[in-house]
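Following: one structure in structure tokens, then a few remarks.
The values are calculated or read from the model by the stated rules, or taken from the named source; none is laboratory data. Just so you know, these numbers come straight off a predicted model, no measurement behind them. Positions of Cβ are backbone-derived with ideal geometry, glycine not excepted, and every protein chain shown enters the neighbour counts.
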Amino acid sequence: MKEQQQREEEEEEEIQKNVLVELKDVTKRFGGLAAVNAVSFSIARGERVGLIGPNGAGKTTLFNLITGFARPDSGAIFFEGRNITKMSTSDVVNLGIARTFQIVRPFTRISVYENVLIPSLSPNARRASGGKAPDEIAMGALRLTDLIDKMKFKASELTHGELKRLELARAIATKPRLLLLDEPFGGLGSNEIGPATDLIQSLPSLGITLLMIEHRMKELMKNVGRIIAMDQGSLIASGTPEQVVRNERLIEAYLGKRLDRVE
Amino acid sequence: MDLLPLLVIGGVLGVIYTLLSEGFSLIYGVGGILNGAYGALYMLTDYIIFAIFIVWKVPVLAAISLSLLAIFFIALLIQKYVVARGKSQLDVLFLTLALAFVVQYGVQYLQCSSAFSGNCAYPAFVPIFVKGSSTILGVSVNNQQLAADVVAIFFLTGLWLFLSRTRYGSAIRAVSQDKDAAELTGINTERTQMLTAGIGALMAGVSSAFLGSYQSVDPTIGWSIITLAFAIVILGGLGSLKGALLASFILAFAQTFVLLFVNTLLSDFVSLSILILVLLIRPQGIFGREVVS
Amino acid sequence: MEEEEKGKAKKEEEKATAPGQNRTFGTEERSADVGARFGLLGKVSFRTARFYLIGVCVIMFALAPVITRNSYYLGTLSTIALYGVLAMSWDILSGYTGYLNFGIAFSFGVGGYAAALVGVHTALPPSMGIFLGGLASVLFGFIVGAPSLRLRGHFFILVTLLVPLATAALLQVLLVDGSIFGVNQIVTNQAYTYEASVAVFALTGVVLYVVSNSNIGLIFRAIRENEIAAEASGIHTGSYKILAFSISGFFAGMAGALYVYANGVASPTMFGILLSAPPVFMAALGGMGTIAGPILGAFLLEGSLDFFRINIISDARLLIAAVLLFVVLLFFPEGIWGAVSSWGQRRRRHKKS
């Protein structure tokens with residue numbers, strides 16, 4: 001009996017060691033409305049997880065809570081075992097979590113190179129890259145997102161697709177272990193989707209675990225191994241893409257009542 | 001500690017402060033425009049009254065009316081040709097501050113030249129036009145200050161009605177909330193902002209006309225006025241007219257308290273320190289929204 | 001195949017980083033050049049127009065006593081130098097981070113009073129006093145700055161506006177006339193005052209130039225452009241804002257100390273709006289966020305004031321200066337240097353295409 005218990009404990013530990021980020025019962029209210037309602041889930045190292053749900057489901061709020069832009073009213077968030085619930089944004093980033101924004105937020109009047117140099121100057125970038133010079137880190141991120149020839153341009157002069165890549169480059173330059181992508185395929189033209197997919201698929205090989213909000217289901221299915229679905233602040237489904245897509249509650253959430261139940 | 005003088009004097013002062021700060025609150029808190037020339041307009045009103053009264057020998061009340069009219073139009077022009085040109089709040093602030101200096105030094109130059117009463121040593125003044133004093137609750141108060149309060153109350157009530165009941169008032173409130181959305185609903189935002197600037201300037205002008213007889217009128221008084229108005233508006237909470245009202249009285253009572261009961265030398269230091277502490281501890285003021293830094 | 005690709009990538013990179021060629025555009029230019037220091041300093045090039053301006057000014061200051069012995073002109077020049085120091089100090093904080101400090105007189109005054117105490121109560125030489133003035137200003141600046149830098153723009157403006165006024169009021173209570181008299185006057189030795197002003201000017205110019213052109217300056221600018229994005233990039237903006245405030249305070253404090261040594265007395269007027277306002281306008285006139293612009297502004301504003309002083313229209317000189325400032329800001333909101341450098345950038349872009 002003791003041996004079995006020991007083995008179970010060891011297994012638990014193994015799973016725990018693999019868990020990168022964990023949310024326990026996280027709730028956030030705005031006024032009387034619960035934007036995020038008692039959400040719990042965890043993501044293991046190396047996973048690629050998609051987050052879907054209709055507009056207003058609370059997905060971006062969830063991102064804000066994880067990255068310190070907002071504080072939960074109750075519940076806790078753990079990253080690599082550490083309680084990050086009340087941490088400020090820059091502290092969270094320096095633990096290894098980065099995010100992109102749905103509506104891109106570049107430093108508009110500064111050049112692309114300098115845009116990426118700034119996150120390369122963060123303490124975490126220095127640490128996580130093993131002491132590389134910020135310049136090298138920035139160039140690396142620019143190379144990865146294919147922005148080297150736009151290096152000298154001001155951010156205000158980029159196209160939308162390029163701005164999305166810049167957003168990603170800046171997040172990568174902080175050398176994160178967890179990357180939260182908010183609609184990375186949003187607004188991309190058909191010729192831009194291919195390179196974007198390649199880029200996102202290359203991230204796990206850099207040691208980056210992904211959590212991605214995306215509405216474009218086709219792209220999402222190709223890029224994630226697991227999907228979490230939210231509706232009105234609560235988690236309503238979790239599983240492989242095939243499982244989740246067939247989930248009834250989820251379909252109801254997107255489309256309203258099921259077609260065969262309409263009076 | 002005799003509280004009556006505190007109540008009466010503080011109260012009388014509070015009403016005037018309210019008029020002064022609500023004017024600034026309208027332009028800045030509601031309209032969102034930090035206009036550095038507000039104090040200069042206050043100062044200019046006094047000088048225009050002085051000029052019309054002394055130089056053209058016009059009776060006081062007429063001089064005041066003309067001056068207020070002039071200030072109203074000057075504010076409109078400033079809004080249209082200076083403020084509207086600024087591409088950002090920063091630009092507008094610096095531009096209006098520079099303008100304030102132009103006004104100040106212009107007045108200073110004119111005052112010292114022969115065009116007016118001649119030499120700098122002869123200070124400008126606004127004559128007292130409501131004579132005598134009354135006793136309220138056993139405290140002696142100048143009639144002019146009481147008259148100022150009465151006019152202020154009328155003006156503020158009228159303003160509140162204007163903002164909440166009339167078309168122009170709703171236009172002002174709409175523009176303050178979302179300029180682009182207001183434009184889309186057919187509101188002429190340029191004219192609305194000019195109106196806001198004009199009304200705000202009028203409020204400064206009226207305060208100036210009444211207080212001019214009690215303050216030394218010199219070209220630099222604009223700066224302490226705008227500092228006062230700015231502090232009150234921030235204390236009350238940006239964008240909140242109720243807040244400016246409350247903060248005006250709090251400040252008036254605080255200042256009077258310090259003046260009456262505390263070492264007068266310390267009074268400046270105490271009022272300023274309290275202001276600073278409040279700003280550091282609760283920057284959103286009384287009714288303001290959360291200030292995320 | 002891979003080798004080829006790698007080679008191509010390297011070549012592209014080399015094209016982009018060839019020494020001497022401008023590496024980046026932005027509101028200022030930074031060349032990949034001299035002294036590559038990693039980390040926070042990054043690569044700072046001294047081959048820019050801004051640094052040339054600083055250098056030219058220092059040389060001018062240095063040569064002036066050789067050209068003229070007129071004590072009036074030299075006095076004017078050292079006043080310009082001091083205002084230049086104040087304007088540059090203001091710029092490294094407010095021009096770069098966007099946090100508008102309307103009370104630089106606080107740092108100026110604290111430095112001055114500290115130097116006064118040193119001058120009256122110790123036998124330390126003025127150079128030590130000046131240095132200690134700078135330090136005192138940083139210390140007190142930290143006490144004031146740390147809490148107020150958490151506030152957003154307008155609140156910060158109001159707090160910085162009020163603090164020096166409150167300090168002056170306090171001094172009026174604590175000291176006779178609020179002043180410290182009898183500081184070892186070096187004004188009789190005008191040469192020393194002049195040299196010291198130029199030395200402080202040169203030091204301020206060089207240090208602030210390096211800071212502004214380094215990665216630290218880049219972070220300051222990021223704070224101005226989009227503070228939230230900077231936080232999201234992992235930058236502890238609070239620490240950097242305090243750094244900017246401290247650097248600004250150090251040099252402004254030294255200017256105050258110098259002023260006190262030259263005049264023999266530290267008085268509350270050092271905390272007045274007449275000391276806080278001119279550096280702000282000099283920086284705005286010359287061009288905020290450039291370090292060079294404030295120097296230009298100091299020369300223009302203070303120079304024109306002093307030039308008119310010896311003319312017949314001396315009464316109107318303040319008016320003329322104010323009008324000059326207003327007109328420039330109306331047509332060139334980015335200041336004179338800002339306008340010139342944008343024009344230069346646009347010309348270069350056209351030439352390239």
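In table form, for the structure just shown:
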quantity: Among (1) farther than 28 Å from C:ARG47 by Cα; (2) crowded, with 24+ Cβ neighbours inside 10 Å; (3) more than 10 Å from every other protein chain (Cβ to nearest Cβ), the one test that C:SER233 misses; calculated: (3)
quantity: Any strands (runs of 3 or more DSSP E) falling wholly within segment A:202-242 and containing at least 1 residues that are more than 25 Å from A:SER129 (Cβ to Cβ), touching a residue at least 60 places away in the same chain (Cβ under 8 Å) and among the charged types (D, E, K, R); calculated: A:226-231
quantity: Matching residues, segment A:165-184, being over 13 Å from the mean Cα position of the chain (by Cα) and either within 13 Å of another protein chain (Cβ to nearest Cβ) or surrounded by fewer than 24 Cβ atoms within 10 Å (Cβ to Cβ) (or both); calculated: A:LEU166, A:ALA169, A:ARG170, A:ALA173, A:THR174, A:LYS175
quantity: Unique residue being within 14 Å of another protein chain (Cβ to nearest Cβ), closer than 30 Å to B:ASP2 by Cβ, within 12 Å of the chain's Cα centre (by Cα) and part of a helix (DSSP H, G or I) when the list is B:LEU259, B:LEU228, B:LEU251; calculated: B:LEU228
quantity: Residue match in segment B:53-61 (condition: in a helix (DSSP H, G or I), at the interface with chain C (Cβ under 8 Å from one of its Cβ atoms) and over 18 Å from the mean Cα position of the chain (by Cα)); calculated: no
quantity: Residue in segment A:3-22 that is in a strand (DSSP E or B), among the polar types (S, T, N, Q) and in contact with a strand residue (DSSP E or B) (Cβ under 6 Å, 6 or more places away or on another chain) present; calculated: no
quantity: Candidates C:VAL120, C:VAL176, C:VAL144, filtered to the one that is surrounded by fewer than 21 Cβ atoms within 10 Å (Cβ to Cβ) and in contact (Cβ under 8 Å) with a residue 12 or more places away in the chain; calculated: C:VAL120
quantity: Segment A:121-135, subset over 21 Å from the mean Cα position of the chain (by Cα) and facing chain C (nearest Cβ under 10 Å), residue modelled with the highest pLDDT; calculated: A:LEU121
quantity: Residues being of a type outside the set (D, E, K, R) and under 16 Å from the mean Cα position of the chain (by Cα) - total across segment C:227-250; calculated: 9
quantity: Verdict on C:SER248 being in contact with an Asp or Glu (Cβ under 9 Å, 6 or more places away or on another chain) and either within 13 Å of chain A (Cβ to nearest Cβ) or within 22 Å of C:SER148 (Cα to Cα) (or both); calculated: yes
quantity: C:ALA199, sole failed condition from (1) over 22 Å from C:ILE247 (Cβ atoms); (2) free of Cβ contacts under 8 Å to residues at least 60 places away in the same chain; calculated: (1)
quantity: Boolean, B:SER208 is surrounded by fewer than 23 Cβ atoms within 10 Å (Cβ to Cβ), closer than 25 Å to B:ALA100 by Cβ, polar (S, T, N, Q) and in contact (Cβ under 8 Å) with a residue 60 or more places away in the chain; calculated: no
quantity: Unmet requirement for A:GLY50, which otherwise passes all of (1) more than 29 Å from A:LEU206 (Cβ to Cβ); (2) surrounded by 22 or more Cβ atoms within 10 Å (Cβ to Cβ); (3) modelled with pLDDT of 90 or more; calculated: (1)
quantity: Residue match in segment C:63-83 (condition: buried (at least 19 other Cβ atoms within 10 Å of the Cβ) and under 30 Å from A:MET139 (Cβ atoms)); calculated: no
quantity: Only one of A:ILE103, A:ILE97, A:ILE43 that is within 25 Å of C:ILE219 (Cβ to Cβ) and in contact with a Ser or Thr (Cβ under 9 Å, 6 or more places away or on another chain); calculated: A:ILE97
quantity: Subset of segment C:317-353 [assigned to a loop (DSSP other than H, G, I, E, B) and modelled with pLDDT under 85]; calculated: C:SER353
quantity: Hits in segment A:78-101 - residues which are over 13 Å from A:PRO176 (Cβ atoms), crowded, with 18+ Cβ neighbours inside 10 Å and more than 9 Å from chain C (Cβ to nearest Cβ); calculated: A:ILE84, A:THR85, A:MET87
quantity: Residue in segment C:174-184 that is within 24 Å of the chain's Cα centre (by Cα) and either in a helix (DSSP H, G or I) or of a type outside the set (A, V, I, L, M, F, W, C) (or both) present; calculated: no
quantity: Some residue of segment C:256-264 being within 11 Å of another protein chain (Cβ to nearest Cβ) and surrounded by fewer than 24 Cβ atoms within 10 Å (Cβ to Cβ); calculated: no
quantity: Test set (1) within 13 Å of B:ALA197 (Cβ to Cβ); (2) of a type in the set (A, V, I, L, M); (3) within 11 Å of another protein chain (Cβ to nearest Cβ); (4) not in a loop (DSSP other than H, G, I, E, B) - B:LEU34 fails condition number; calculated: (4)
quantity: Any hit, segment A:104-119, residues being away from chain C (no Cβ under 11 Å), surrounded by fewer than 24 Cβ atoms within 10 Å (Cβ to Cβ) and touching an Asp or Glu at 6+ places or on another chain (Cβ under 9 Å); calculated: no
quantity: Selection status of C:THR193, away from chain A (no Cβ under 14 Å), closer than 18 Å to C:GLY111 by Cβ and over 21 Å from the mean Cα position of the chain (by Cα); calculated: no
quantity: Subset tally (residues that are assigned to a helix (DSSP H, G or I), among the hydrophobic types (A, V, I, L, M, F, W, C), surrounded by fewer than 20 Cβ atoms within 10 Å (Cβ to Cβ) and at the interface with another protein chain (Cβ under 10 Å from one of its Cβ atoms)) for segment A:136-156; calculated: 1
quantity: Filter pass, A:GLY50 being in contact (Cβ under 8 Å) with a residue 24 or more places away in the chain, over 28 Å from C:ALA230 (Cβ atoms), in a loop (DSSP other than H, G, I, E, B) and more than 12 Å from chain C (Cβ to nearest Cβ); calculated: no
quantity: Selected residue (only one of B:GLY288, B:GLY243 is within 21 Å of the chain's Cα centre (by Cα), over 20 Å from B:LEU6 (Cβ atoms) and assigned to a helix (DSSP H, G or I)); calculated: B:GLY243
quantity: All positions within segment A:79-110 that are of a type in the set (Phe, Trp, Tyr) and in a loop (DSSP other than H, G, I, E, B); calculated: A:PHE101, A:PHE107
